[in-house]
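See structure below.
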Amino acid sequence: MLEYLAIIFSAILVNNIVFAQFLGICPFIGVSKNLDSAFGMGAAVTFVMAVATAVTWMLQHYILLPLGLGYVQTIAFILVIAVLVQMLEIIMKKSSPGLYAALGVFLPLITTNCAVLGVAIIVAQKNFEFFHSIVYAIATALGFTLALILFAGIRTRLALVDVPRPMRGVPIALISAGLLAMAFMGFSGM
């Protein structure tokens, strides 16, 4: 139980996928303009990351490693994640139109989110057991969601203040992201 708590705490705060590992930066900057889209993207990434990690873990341990095909891991994971996201989109569209309407906009963005692929590869490199992998994936996705929501809150506040003209938009957003990443570095000693 204690090792699960260590995995969760580490994935959310200490080794945050955005601030410590610099994965998922594109949706972090692009989708974090308001809280609703940040939360929607975070929920979609959490779901997809958990499912993709489960599928890629099984692929790694039951097909690639036994057949000595570890060298095609990255390509196989990319294909599996792309197919998985497309299948999830089709299934949600048919079975749960409400959920599809809520998450459907974000699903195509997740196909190219390097955080999903990054977590699958990290899990393979760390040689986690299956349940450790799922816990790590969910905690990492929650850390991603936390980063998105915090940054969306900061960007919402920045829209209300008088920022000097040359710093408006992306420049102040990048400076704010850097300051937020430095704040998260405070957890690295734990």
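The values are calculated or read from the model by the stated rules, or taken from the named source; none is laboratory data. Please read all numbers here as calculations on a predicted model, not as lab measurements. For neighbour counting, all protein chains shown are included, and Cβ atoms are generated from backbone atoms with ideal geometry for every residue, glycine included. With ligands, DNA and RNA removed, areas are computed over all heavy atoms of the protein, side chains included. Shrake-Rupley method; radii C 1.70, N 1.55, O 1.52, S 1.80 Å.
Some points to look at:
- Looking across the stretch 60-79, the residues that are open to solvent by 30 Å² or more (accessible area, probe 1.4 Å) and over 29 Å from Ala147 (Cα atoms) come down to His61, Tyr62, Ile63, Leu65, Pro66, Leu67, Gly68, Leu69, Gly70, Tyr71, Val72.
- Output for the stretch 111-165, where each listed residue is of a type in the set (Gly, Ala, Ser), within 23 Å of Met87 (Cα to Cα) and in contact with a Ser or Thr (Cβ under 6 Å, 6 or more places away or on another chain): Ala120, Ser133, Ala137, Ala141
- Being out of contact with any Gly (no Cβ under 9 Å at 6 or more places or on another chain), free of Cβ contacts under 8 Å to residues at least 12 places away in the same chain and on the phi < 0 side of the Ramachandran plot holds for only one residue in Gly178, Gly153, Gly169, and it is Gly178.
- Subset of the stretch 145-179 that is assigned to a loop (DSSP other than H, G, I, E, B) and among the β-branched types (Val, Ile, Thr) - its residue that is nearest to Ala38 (Cα to Cα): Val161
- From the options Ile134, Ile122, residue that is within 17 Å of the chain's Cα centre (by Cα) and open to solvent by 30 Å² or more (accessible area, probe 1.4 Å): Ile134
- Counting the residues of the stretch 164-190 that are surrounded by 15 or more Cβ atoms within 10 Å (Cβ to Cβ), under 22 Å from Val31 (Cβ atoms) and hydrophobic (A, V, I, L, M, F, W, C) gives 6.
- Residue tally, condition open to solvent by 50 Å² or more (accessible area, probe 1.4 Å) and either within 15 Å of the chain's Cα centre (by Cα) or at pLDDT 85 or above (or both), over the stretch 95-119: 4
Residues checked against (1) in a helix (DSSP H, G or I); (2) more than 15 Å from Gln125 (Cα to Cα); (3) free of Cβ contacts under 8 Å to residues at least 12 places away in the same chain; (4) in contact with a strand residue (DSSP E or B) (Cβ under 8 Å, 6 or more places away or on another chain):
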| site | (1), (2), (3), (4) |
| --- | --- |
| Thr53 | yes, no, no, no |
| Pro66 | no, yes, yes, no |
| Tyr71 | yes, no, yes, no |
| Thr74 | yes, no, no, no |
| Phe77 | yes, no, no, no |
| Ala82 | yes, yes, no, no |
| Leu88 | yes, yes, no, no |
| Met92 | yes, yes, no, no |
| Tyr100 | yes, yes, yes, no |
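- Total residues in the stretch 41-55, condition over 9 Å from the mean Cα position of the chain (by Cα) and either hydroxyl-bearing (Ser, Thr, Tyr) or open to solvent by 10 Å² or more (accessible area, probe 1.4 Å) (or both): 7
- Considering residues of the stretch 1-40 that are outside any helix (DSSP H, G or I) and of a type in the set (A, V, I, L, M, F, W, C) only, the residue most open to solvent (accessible area, probe 1.4 Å): Met1
- Condition met for Ala82 (surrounded by fewer than 19 Cβ atoms within 10 Å (Cβ to Cβ) and within 29 Å of Gly178 (Cα to Cα)): no
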